[in-house]
Amino acid sequence: MAKFTGSRAFVVEDETLVLFGLEDALADLGCEVVAQAMRLDQAIAMAEALGPVDVAILDVNIGGTTVFPVAEILKERGVPLVFATGYGRAGLPPEWQSHAVIVKPYSLDDIERALTPLLTAHTGE
C-alpha cells in the first residue's frame, strides 16, 4: 500500500510536463489529485470552491506572477502547503518561510519528505 493512500491533494503548476510528473509522483505515493490548476485565476477560483483536501502543492511562479493569493486562501482554510520553486526557501517571502518547500527539479523522494510531516496524522502512520 502506498504511503499516503487516501490523501487528497490540490496542485497548482503552470508547466504541463512538470504537472504530469507531479501527478504521477503523487499517485505513486497514494495521493489522489482532486484538483489542478495551471493559471492563477483558475487556482484562486478552485481554492475558494474546493472540497476538503489534505495538502496543496503550489508552484511559486505561475505565469509570471506569484501563487501567494492562492496560498492565503488555502492557509485560511487550514490546508497544509508545500511550495515548489527553483529558488528554494530563500525564494519565499518571510511570512511563508515556515512552510514546506520542494526545490525544482525535485524527485519523488523530495516530495515524500515534504509530505510526510503534513500527511502522517491523516494516514495514521
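The values are calculated or read from the model by the stated rules, or taken from the named source; none is laboratory data. Predicted, not measured: the structure shown is a model, and the values here were computed from it. FYI the Cβ positions are ideal-geometry reconstructions off the backbone, even for glycines, and counts take in every protein chain you see. Heavy atoms of the whole protein, side chains included, go into the accessibility calculation; ligands, DNA and RNA do not. Shrake-Rupley method; radii C 1.70, N 1.55, O 1.52, S 1.80 Å.
Quick test of your reading of the structure: Glu48 fulfils all but one of (1) crowded, with 18+ Cβ neighbours inside 10 Å; (2) farther than 19 Å from Leu17 by Cα. Name the failing condition by number.
(1)
Given Lys3, Lys75, which one is surrounded by fewer than 21 Cβ atoms within 10 Å (Cβ to Cβ), in contact (Cβ under 8 Å) with a residue 24 or more places away in the chain and among the basic types (Lys, Arg)? Before the answer, list the steps.
Details: Lys75 fails: in contact (Cβ under 8 Å) with a residue 24 or more places away in the chain.
Of Lys3, Lys75, the one residue that is surrounded by fewer than 21 Cβ atoms within 10 Å (Cβ to Cβ), in contact (Cβ under 8 Å) with a residue 24 or more places away in the chain and among the basic types (Lys, Arg) is Lys3.
Checking the condition in contact (Cβ under 8 Å) with a residue 60 or more places away in the chain and buried (at least 20 other Cβ atoms within 10 Å of the Cβ), which residue from Leu115, Leu108 passes?
Numbers: Leu108 fails: buried (at least 20 other Cβ atoms within 10 Å of the Cβ).
None of the other options fit; the residue is Leu115.
Mind listing just one residue for me: the one in region 31-45 that is among the aliphatic types (A, V, I, L, M) and part of a helix (DSSP H, G or I) and, of those, surrounded by the most Cβ atoms within 10 Å (Cβ to Cβ)?
Narrowing region 31-45 to residues among the aliphatic types (A, V, I, L, M): 33-35, 37-38, 40, 43-45.
Checking the rest, the ones that are also part of a helix (DSSP H, G or I) come to 40, 43-45.
Values: Leu40: 19, Ala43: 28, Ile44: 17, Ala45: 14.
Residue satisfying both the conditions and the ranking: Ala43.
Output the residues belonging to region 67-125 that are at pLDDT 95 or above, closer than 14 Å to Asp54 by Cβ and in a loop (DSSP other than H, G, I, E, B).
Result: Arg77, Gly78, Val79, Pro80.
Do we have Glu23 as surrounded by fewer than 16 Cβ atoms within 10 Å (Cβ to Cβ) and either at pLDDT 95 or above or assigned to a strand (DSSP E or B) (or both) here?
Spelling it out, it is not the case that Glu23 is surrounded by fewer than 16 Cβ atoms within 10 Å (Cβ to Cβ) and either at pLDDT 95 or above or assigned to a strand (DSSP E or B) (or both).
Could you tell me whether any residue of region 85-95 is open to solvent by 30 Å² or more (accessible area, probe 1.4 Å) and under 22 Å from Thr120 (Cα atoms)?
No.
List the number of the failed condition for Gly6; all other conditions in (1) in contact with a Ser or Thr (Cβ under 8 Å, 6 or more places away or on another chain); (2) small (Gly, Ala, Ser); (3) in a strand (DSSP E or B) hold.
(3)
Any residue at all in region 52-64 that is open to solvent by 10 Å² or more (accessible area, probe 1.4 Å), without any contact (Cβ under 8 Å) to a residue 40 or more places away in the chain and farther than 25 Å from Asp109 by Cβ?
yes
Among the numbered criteria (1) at positive phi; (2) surrounded by 15 or more Cβ atoms within 10 Å (Cβ to Cβ), which one does Leu81 miss?
(1)
Name every residue in region 6-20 that is farther than 19 Å from Lys75 by Cα and either open to solvent by less than 20 Å² (accessible area, probe 1.4 Å) or among the aliphatic types (A, V, I, L, M) (or both), in order of residue number.
Going through region 6-20, the residues farther than 19 Å from Lys75 by Cα turn out to be 6, 14-20.
Correct list: Leu17, Val18, Leu19.
Residues being in contact with a helix residue (DSSP H, G or I) (Cβ under 8 Å, 6 or more places away or on another chain) and of a type in the set (Val, Ile, Thr): count how many of those fall in region 1-52.
So the answer is 5.
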